[in-house]
Each structure stands twice: as C-alpha cells, then as structure tokens.
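Each remark here refers to the structure printed beneath this line.
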Amino acid sequence: MDLVVRNASLPDGRTGIDIAVEGGRIAALGPALAAHGAREIDAGGDLVSPPFVDAHFHMDSTLSYGMPRVNASGTLLEGIALWGELKPQLVQDALVECAMQYCDWAVARGLLAIRTHVDVCDERLLAVEALLDVKRRVAPYIDLQLVAFPQDGLLRSPGAFDNLKRAIAMGVDVVGGIPHFERTMAQGAESVRLLCEFAAEQGLRVDMHCDETDDPLSRHIETLAYETWRLGLQGRVAGSHLTSMHSMDNYYVSKLLPLMRESGVAAIANPLINITLQGRHDTYPKRRGMTRVPELLAAGIDVAFGHDCVMDPWYGLGSGDMLEVAHMGLHVAQMTGQDAMRACFEAVTGTPARILGLEGYGLAPGCHADFVLLDAATPVEAIRLRAARRLVVRRGTIVAEAPAMKASLNLPGRPGSVDFRIGR
C-alpha cells in the first residue's frame, strides 16, 4: 500500500481502525489490517474524518476587507453597496491572488471542497474568469464548485440573466439567485421560476440566496420548493441562508417544512454571518437570525453550514476553519446535546458533500483517499477545541501538517504541559 494510517477513531464512533490507501483511493478499512504501507502513520486513537466541505462561500470578495473602505454599520446592505463600489476597481490578477491565498488556508484547515458564489452582474465577467482560472489551478487539491450569482438581482440588474447564461457557458457549475433582492415579491418569485426552468433545461444544480432578511413575509423558499417539485429537480436544489424562517409564524413553518422535505430542497445556514448581519433593526429582544436548523433536521431536510465570508465587505474575521463555523452554529441553534453536536460536525462534512454531489467522498473502501487527522478523539471534541489538523491527505498524498495543540506550564506542583483534552 502507498499509505497506511493505524489506530484511528472515526466520526461514527468506531475506534482502533486502520486505513490502507493505494492509487489515491481507500483500498481497505478495518481493525488491525494485515496490509503494510510505504509510509505508515500511527493516529494514536485520534479522529480521522473525511475532509471539511464549505457549502456556501464568496471567493470573489474574500480578503478584500477595507476596500474601498470598512463597512461602518456592519450591515448586509452596506456590504452590498461596498461590493458595488469595489467591483469597477477589481483587477483579475489580484482576484486570483486573493483566492489562491485563501485556498492555501483552506488546505491547511482540511477544507478540500468549496462551493463559491461568483457575481455575474459585472458585464466583464472578470470575477468569473478569475475563479475559473483558480478552479483549474487548485483542482489537484480542492474541489471548487462555482455558482453563477446575480448579486444585484436577476431582474433588477440589466443584463444579469444574459450574463448568468454566459457564465454557465464558460464553465460555471451551478445556477444561483437572490429573489429577496428583487424590487417586488412578485419579481422575486418570477426570478425563481426563470432560474429553475433554466437549470432544468441545462441539467444543472441550483443554489439560491433565499430570504436573507428578518422579514417574516419573505417566503421565496416556498416558491423555490414548489418549482423544484414541479420541474423534477429533487435532490439538486439548495436554499441558502433562509434567515426569514427565524421570524416566521410557527403555523406557516409547519406547512413549509413538509413542502421542503417533499421537494428534496436542502438548507444551507451560515452561522458566523447570519448571527452577525441579522437582527440589525432590532433593539431588544434581538433576534439571532439563523434559520431553524433543529426543526429542519427533525423534518428530514439536509442542513449544511457554510462559512459565507472571510475578510470581505460583510465580515472582517475568519480563517477558513469549518470547525469555527460548526462551533458557532452549535451555539446559535442551541444544539448542545451529544447527537445535536455530532449533527453540527456532519453539517461541515458529509451533508455538504452530498449537497454538492461530490463523487467518492467518505471513509469506505473505494472512496477517494481524502481525509483529515485531527487532534481530537471525537467530533464533539474536535468542535470544542477547533482541533489542530495533524495531517491533511488528498488522494493519498499528505498536503498539510500541523503540530498538536499543546502549551507549556511553569506552575509549582502541576504538570509541565497541557493539551486541553480530557482523559489524556
């Protein structure tokens, strides 16, 4: 074998597991494998997980914080206005450079698949060209999926639909939208219909920014679910953000959730950004803003978490760490039971992989040999510690390494070091 990892713990609770890799795929997995590897690594009982997956990101704006100025109010609408000011100043080489730097961060964090929205409302499609270039460059180590995103509104922005179609023809993978940003509710619903019909004609997936507002009457997710069902797009559509659901009437939600389940629409929450941008018009009590994650999961709907933004007009923090995203999601949704916390880990690994339609993802014979060795014994401990990535493996090759988290102590009568883990 090319590589054998021994004595690993897995997210499903199995321990003492060996993983044998050959030809870029997992050849065998089980306790005490007889196989020998050209390189053998002792996991020491630590957690081996499939790679992290970010279901919702904006790579065309990442690492642009402070340009052309800082978002003084910290609001969604000022961020959109800032992005509008910045777009005419964009230079393709700078876009590529920032995106490539972020991809370096991602690999170091064990984040090996990203779905990124790219604005198509600039007639030049400069950002589209830049991210298609980045996609080609990072293909050996990151699965980068691009969404054609009409940031300023499909019908509100002149030429946006034509630009979106051009972007798809250039190689962009997914159809995006933003119905709540259209000028009227009716135009928002019309944009959903047009985009879903186009996706159905082209055989493409759909991922729409949907109801990213505190307005409980913003109900475009209902239209998205209906159009998904009408056009036979089940399993290929996601609604991102869905923050208005936080403010909706419970009776209406009791009708909405079964519709989403029947249509096979997935939900993508963005905990770091939803908790930051929503509730800005509230005094107190102040709404959290994140969509109803526990209720969606209980209804049998796939829910993933996305990072959304890193150091851009909307958010001045972030480092590509999906465990930080899961950590925030766990707290905002009050998902502190053991099963609920494990579901938050799944929301940054297996569930987004399913939403993106990633081939060969997982820890089983035949899957791609893509995995992360974490400085933690369980998914819950990994979230608690935002665990160091001891190893990141892509197609059987180690692409990143980091030391375990440990601090030295100089205290009378106490140990000389501490690693923040329980029972070790």
**Prompt:** Which residues, counting only those in the stretch 138-160, are outside any loop (DSSP other than H, G, I, E, B) and either in contact with a helix residue (DSSP H, G or I) (Cβ under 7 Å, 6 or more places away or on another chain) or at pLDDT below 95 (or both)?
**Reply:** Val138, Leu144, Gln145, Leu146, Ala148
**Message:** Tell me whether the stretch 317-335 contains one or more residues that are surrounded by fewer than 19 Cβ atoms within 10 Å (Cβ to Cβ), closer than 18 Å to Asn7 by Cα, out of contact with any Gly (no Cβ under 9 Å at 6 or more places or on another chain) and at pLDDT 95 or above.
**Reply:** no
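Criterion first (closer than 15 Å to Leu3 by Cα, surrounded by 19 or more Cβ atoms within 10 Å (Cβ to Cβ) and in contact with a helix residue (DSSP H, G or I) (Cβ under 7 Å, 6 or more places away or on another chain)) does Val399 satisfy it?
Against the criterion (closer than 15 Å to Leu3 by Cα, surrounded by 19 or more Cβ atoms within 10 Å (Cβ to Cβ) and in contact with a helix residue (DSSP H, G or I) (Cβ under 7 Å, 6 or more places away or on another chain)), Val399 does not qualify.
Take the stretch 63-102 and flag every residue that is assigned to a loop (DSSP other than H, G, I, E, B) and not small (Gly, Ala, Ser). Step through it out loud before you land on a result.
The first filter runs over the stretch 63-102 and keeps only residues assigned to a loop (DSSP other than H, G, I, E, B), leaving 63-75, 90-91.
The answer is Leu63, Tyr65, Met67, Pro68, Arg69, Val70, Asn71, Thr75, Leu90, Val91.
Out of curiosity, is Gln145 under 20 Å from Asp211 (Cα atoms) and either buried (at least 24 other Cβ atoms within 10 Å of the Cβ) or in contact (Cβ under 8 Å) with a residue 60 or more places away in the chain (or both)? Outline the logic, then answer.
Values: under 20 Å from Asp211 (Cα atoms): no; either buried (at least 24 other Cβ atoms within 10 Å of the Cβ) or in contact (Cβ under 8 Å) with a residue 60 or more places away in the chain (or both): yes.
No.
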**Request:** Residue by residue through the stretch 336-349, note down the ones that are among the β-branched types (Val, Ile, Thr) and crowded, with 22+ Cβ neighbours inside 10 Å.
**Result:** Val348, Thr349
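Only one of Ile268, Ile273 is β-branched (Val, Ile, Thr), more than 19 Å from Gly357 (Cα to Cα) and in contact (Cβ under 8 Å) with a residue 40 or more places away in the chain; which?
On the way: Ile268 fails: more than 19 Å from Gly357 (Cα to Cα).
None of the others qualify; the one that does is Ile273.
This table checks each residue for (1) closer than 20 Å to His307 by Cβ; (2) surrounded by 14 or more Cβ atoms within 10 Å (Cβ to Cβ).
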site: Asp54; (1), (2): yes, yes
site: Phe57; (1), (2): yes, yes
site: Gly74; (1), (2): yes, yes
site: Leu77; (1), (2): no, no
site: Asp93; (1), (2): no, no
site: Gln101; (1), (2): yes, no
site: Ala106; (1), (2): yes, yes
site: Arg115; (1), (2): yes, yes
site: Arg124; (1), (2): no, no
**Complete:** Exception for Gly239 within (1) surrounded by fewer than 18 Cβ atoms within 10 Å (Cβ to Cβ); (2) in contact with a helix residue (DSSP H, G or I) (Cβ under 9 Å, 6 or more places away or on another chain); (3) touching a residue at least 24 places away in the same chain (Cβ under 8 Å) falls at (1)
**Prompt:** When the residues of the stretch 206-221 are filtered to those that are of a type in the set (D, E, K, R) and buried (at least 20 other Cβ atoms within 10 Å of the Cβ), which remaining residue is farthest from Ser191 (Cα to Cα)?
**Reply:** Glu212
**Asked** Any idea which of (1) assigned by TED's automatic domain parsing to the domain that holds Met290; (2) not in a helix (DSSP H, G or I) is the one Gly366 doesn't satisfy?
**Response** (1)
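Each row is one residue, and each column tells you yes or no for (1) among the hydrophobic types (A, V, I, L, M, F, W, C); (2) within 26 Å of Ala402 (Cα to Cα); (3) out of contact with any Ser or Thr (no Cβ under 7 Å at 6 or more places or on another chain).
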position	(1), (2), (3)
Pro88	no, no, yes
Val107	yes, yes, yes
Gly110	no, yes, yes
Leu131	yes, no, no
Lys135	no, yes, yes
Val138	yes, yes, yes
Gln151	no, no, yes
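Restricting to the stretch 2-57, give me the number of residues that are outside any strand (DSSP E or B) and among the hydrophobic types (A, V, I, L, M, F, W, C). Can you show your working first?
Our first condition is that a residue be outside any strand (DSSP E or B); within the stretch 2-57, this holds for 2, 10-16, 23-24, 32-38, 43-46, 50-51.
If we keep only those that are among the hydrophobic types (A, V, I, L, M, F, W, C) as well, we get 10, 32-35, 38, 43.
Total satisfying the criteria: 7.
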**Flag for Asp60 being acidic (Asp, Glu) and either part of a strand (DSSP E or B) or touching a residue at least 60 places away in the same chain (Cβ under 8 Å) (or both)** = yes
**Prompt:** Residues of the stretch 239-293 being closer than 24 Å to Arg342 by Cβ and in a helix (DSSP H, G or I), which ones?
**Reply:** Met245, His246, Leu257, Met260, Arg261, Pro271, Leu272, Ile273, Asn274, Ile275, Val293
**Message:** Criterion first (in contact with a Gly (Cβ under 8 Å, 6 or more places away or on another chain) and either of a type in the set (A, V, I, L, M, F, W, C) or closer than 13 Å to Val372 by Cα (or both)) does Ile17 satisfy it?
**Reply:** yes
**Request:** State the number of residues belonging to the stretch 276-290 that are farther than 22 Å from Gly316 by Cα and surrounded by 14 or more Cβ atoms within 10 Å (Cβ to Cβ).
**Result:** 0
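Pick from Leu76, Leu90, Leu47: which is modelled with pLDDT under 95 and either out of contact with any Leu (no Cβ under 9 Å at 6 or more places or on another chain) or more than 30 Å from Gly289 (Cα to Cα) (or both)? Before you say what the answer is, go through the steps one by one.
On the way: Leu76 fails: either out of contact with any Leu (no Cβ under 9 Å at 6 or more places or on another chain) or more than 30 Å from Gly289 (Cα to Cα) (or both); Leu47 fails: modelled with pLDDT under 95.
None of the other options fit; the residue is Leu90.
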**Request:** Evaluate the stretch 394-401: report whether one residue or more is more than 22 Å from Phe57 (Cα to Cα), at pLDDT below 95 and part of a loop (DSSP other than H, G, I, E, B).
**Result:** no
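The values are calculated or read from the model by the stated rules, or taken from the named source; none is laboratory data. Keep in mind the model is a prediction, meaning the values are calculated, not measured. Because the Cβ atoms are built from the backbone with ideal geometry, glycine has one as well, and the counts that use them run over all protein chains shown.
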